[in-house]
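Presented below is the structure to which this report refers.
Just so you know, all these numbers are worked out from the coordinates, no wet-lab data involved. Since this is a predicted model, take the numbers as computed values, not measurements. Every residue, glycine among them, receives a Cβ derived from its backbone with ideal geometry; neighbour counts consider all protein chains shown.
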Amino acid sequence: MKTNLFIFGFTSLLLASCSNNDSETANPDSALNKEILTNTSVNVITATYSELYNNSVALTTACQNLSIGDEAELTAVKNAWVATRAPWEKSEGFLYGPVDTEGIDPAIDSWPVDVNAINNILNSSQAITSTLLENDDARGFHTIEYFIWGLSGNKTASELTTRELEYLVAAAQNLQSKTQQLYYGWLQSQGNFANNFVNAGQSGSIYTSQKDALLELVEGIIIISDEVATGKIETPLNGNNGAASPQDEESRFSNNSKLDFANNIRSIQNIYLGDFASIEGKGLTDLVASKNATTDANIKAKITEAISAIEAIPGTFTDAIFNHRSAVQNAQQKVAELKVVLESQLQPLISNL
Amino acid sequence: MNSPLKYFACLVLTALFFSCSDNESESAYEDLPSLNDRLMAGGETTVFLTSSNSFSTPAPNLSASDLSDHLAGDVDFEAIFVTAPASINQGLGTIFNNSSCVSCHPRDGRAAFPTNLNAKSGFFFRVSLPGQLENGGSIPVPGFGTQIQNQAIFGYQPEGKFQVTFQDVVEVFADGTQVILKKPNYSLIDTYIPFPGNALISPRIGSPVFGLGLLEAITEEDILQNQDIYDVNADGISGKANYVFDAVSGTIQLGRFGWKANTATILEQCAGAYNGDMGITSYLKPIETGFGQTNGEDGLGDDPELPDAILHQVAAYCKTLAVPAPRNLTHQTVRRGAKIFEEIQCAKCHIPKMKTGHASISALANQTIFPYSDLLLHDMGEGLADHRPDFLADGNEWKTRPLWGIGLTQVVNGHTHFLHDGRAKNITEAILWHGGEALSAKNKFKQLPAQDRAALLEFINSL
């Protein structure tokens, strides 16, 4: 998983190993660290998953309401898909914990779409249920996307078949169950993975210090910045020996890629600021600002520039990788600059705490 | 890219380290080993991470072109394969165990013992008929081969389903503390054709993939130096090298990889995994794992499915993942634990220090490393025995697992399931499963007071 990062700030680990391991209480930042770790894990991460789950419930309902030929309801399903997709993309700055250890990522976001598997399931005589899909990669966001937009993005409700509707509902139900599992994995009254952050450095947490937990947050946002720049944008833009490779674009049926990328950067923003929806809590920014106001301002500026540059790409991403390549390159450049500032300024600062 | 910078960083670090170790030694009041020289567990490939990414970064000393191969291989390692024909990542199955490399080696680490044995996971059975092939290899079971694929693309039938029941085994420490081990009893059910009653079944679980290039670069001579097949030194431990048929060279070579050291090279290990685990053919393993089976052929004639470049990139990736540094080496408890590790003879097989020789990837050459393994086979006793021979490994023998990174398993993979099938739920259980040549070490562990056991665990968890 990742990149040639994490080389800048590692000296401090060493220093920590020399110092007394009971020094957490003596750390003047420990109260602020706890606030940051609590707010970020509960009010940002768990809240993002809560929204993901709630929106997936609405997506299931919309799919259940859909019938052949009902164009208005198909639009509602598409809107519900986009609304569910958003918190998922806003969660990709923190792909650790249950999303990984419980195998939820591949269940939710498997890509590419296994069209042959889908057709074989459709053509079979088996009832298509969430359980049937449970052990298959032919489920999740992109399978649902394929059903409601079609391979060329222009599918109409009159083209839907009864079997497709059956599959669509099953896939939505499966997505809902996975997003619930993910949300509950973090929720304090359930799996409480958040506790590892809230009580970092204490027994019961997998992080042996608050700094280790803060570094997990930092590495998570570095990784997604790298992924957007060198993977999600780079491969479709240049994957065909330096020319566009449209089949490598992840959300191409729905033309949702630009929003996906922008929401990935918002994931970074949410973690860094400690904000989500109406919550404005303590985030990494508060710690960074107290140490180095210039670095803090830099990071915030690079986040904003990256989002703006992605949103400034004209038209669809599929079209832009052929016809507006400089705009795509500019967005890629801005995301790469964000990655550099996170990796060369943020990470060393936290490592050297 | 910025490898000069990285190299510089390593130097800074070493300097720092020594400056602090000096202080420590002044205050040492007990005769404890210094662990300072073990910090760079992977030599110059070492990274200093304690997060869920601890197994997942490239070695910091790679050349620009080796780093480029690594990053390409990283993408391949995560690629999910789909039913052929498709424009991307085609060729899954027809029968398989999982659909990507990373799904069995999550975060380049260790797969958990699955809660549902027949969901896609990092767990499967190796099988064979009693006896061995002329070249020493296991005898494939007709219609099943040497590995059971319990998944299939839609419309095809898996070879069978895995089943397990558990039996309690009670272990009691000298201080009266009890640990109840769960001894698994495996069987294969719901097979697509009858499964021979005399066939041998041996479970496997996906293991971490970092540091493998270093293990490949240890000289054969150095590994053989620790071999003592007839226990001439009468210490009860008789390490034995496996010699295996190597598909890359077509010759018999020293086995280094796999739970029974039945594979000589990382390249073959990768090709074998693509073929056996995912049903993806390559130039090294061009025949579908289900060839000749009613559930095994898609009739597409598209083999080999995997471009040669991708196989090589993935092998390069597995060779060049960085080794995480140990933590807390200067802590008194960790140092006491290290002393106990020597005293009760864990270190006889989990040999701390090795060195690498020549390597085609320059970053891996001539490194002093601390894998805590002799890469040799040992009789581990009846409790762990699979009774399934594999080249020179008999039914009681397993290869010593490296211990580097083991203390980061929880943070990386969210569990601490160890041993070849993930049966041990923590390090204590893993130690208690040791038998055979390790029985004496295990019994000494059981005699330790709680405080010493805790120190030993703290040392192992520092790795």
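A few points about this structure:
- Taken one residue at a time, the phi angles of the range B:68-82 give Karplus couplings (6.51, -1.76, 1.60, θ = phi - 60°) of 4, 4, 4, 5, 5, x, 4, 5, 4, 5, 8, 4, 8, 8, 10 Hz. Gly and Pro are set to x.
- Over the range B:101-229: Rg over Rh, Cα atoms, Kirkwood Rh: 1.04
- Working value for the range B:335-423: equivalent-ellipsoid semi-axes of 24, 19, 16 Å, each the square root of 5 times a Cα gyration tensor eigenvalue, largest first.
- Average partner coverage of A:113-120, which counts Cβ from other chains inside 10 Å: 6
- The protection proxy used here, the mean number of other Cβ atoms lying within 10 Å of each residue, ranks peptides A:315-324, A:228-237 as follows, highest first: A:228-237, A:315-324.
- With each label modelled as a point 7 angstrom along the Cα→C-beta vector, the B:N135-B:N233 pair spans 3.4 nm.
- GluC sites (Glu not before Pro), loop per DSSP, at most 11 other Cβ atoms within 10 Å - longest free stretch of chain B: B:135-381
- Calculated FRET value between A:Q188 and A:S326, using beta carbons and R₀ = 41 Å, to 0.05: 0.30
- For residues of B:152-161, the mean tally of beta carbons on other chains within 10 Å: 3
- Expected 222 nm ellipticity per residue - DSSP helices of 4 or more, -39500 (n - 2.57), all of chain A, to 500: -18500 deg cm²/dmol
- Helix B:308-320 and the longest principal axis of the C-alpha atoms of chain B enclose an angle of approximately 20°.
- Here's the list of lysines a cross-link from A:K34 could span, going by alpha-carbon distance under 21 Å and ignoring same-chain residues fewer than 8 apart: A:K211, A:K282, A:K291.
- Stretchable slack from A:T131 to A:D319, in nm (0.36 nm times residue separation minus alpha-carbon distance): 63.9 nm
- Measuring nothing but alpha carbons in the range B:32-115 and taking Rh as the Kirkwood radius, the Rg to Rh ratio lands at 1.11.
- Pair B:A309, B:N185: separation of 7 Å Cα→Cβ label points (nm): 5.3
- Cβ-Cβ FRET estimate between B:S362 and B:S68, R0 fixed at 22 Å, reported to 0.05: 0.95
- Residues in the range A:149-159 carry Karplus couplings, in order, of 9, x, 4, 9, x, 10, 5, 10, 5, 6, 7 Hz; the curve used is 6.51 cos²θ - 1.76 cosθ + 1.60 with θ = phi - 60°, and Gly or Pro positions show x.
- Each residue of the range A:241-253 was assigned a 3J(HN,Hα) from its phi angle through the Karplus curve 6.51 cos²θ - 1.76 cosθ + 1.60 (θ = phi - 60°); the sequence is 6, x, 10, 5, 10, x, 5, 8, 7, 6, 9, 7, 5 Hz, with glycine and proline shown as x.
- Segment A:T304-A:A31, length gained on full extension (0.36 nm per residue, minus Cα span): 95.4 nm
- Put a dot 7 Å past the Cα of B:N443, heading toward its Cβ, do the same for B:I287, and the two dots end up 4.8 nm apart.
- Relative to the dominant Cα principal axis of chain B, helix B:450-462 is inclined by about 60°.
- Ellipsoid semi-axes for the range B:217-374, based on the Cα gyration tensor and the rule √(5λ), read 37, 19, 15 Å when sorted largest first.
- Cβ-derived FRET efficiency at R0 56 Å, A:A289 paired with B:E342, nearest 0.05: 0.70
- Amide H contacts of A:L160 (H built 1.01 Å from N, under 5 Å, at least 5 apart or other chain): A:G69
- The convex hull around the C-alpha trace of the protein assembly as shown, projected and averaged over every direction, spans 33.4 square nanometres.
- Computed on the Cα trace of the range A:44-186, the radius of gyration divided by the Kirkwood hydrodynamic radius gives Rg/Rh = 0.96.
- Extension gain for B:T177-B:N116 works out to 18.9 nm (0.36 nm per residue, less the C-alpha to C-alpha distance).
- Taking the longest Cα principal axis of chain B as reference, the axis of helix B:332-343 is set at about 70 degrees.
- Candidate lysines - alpha carbon under 18 Å from A:K302, same-chain residues fewer than 8 apart omitted: A:K90, A:K258, A:K334, A:K339
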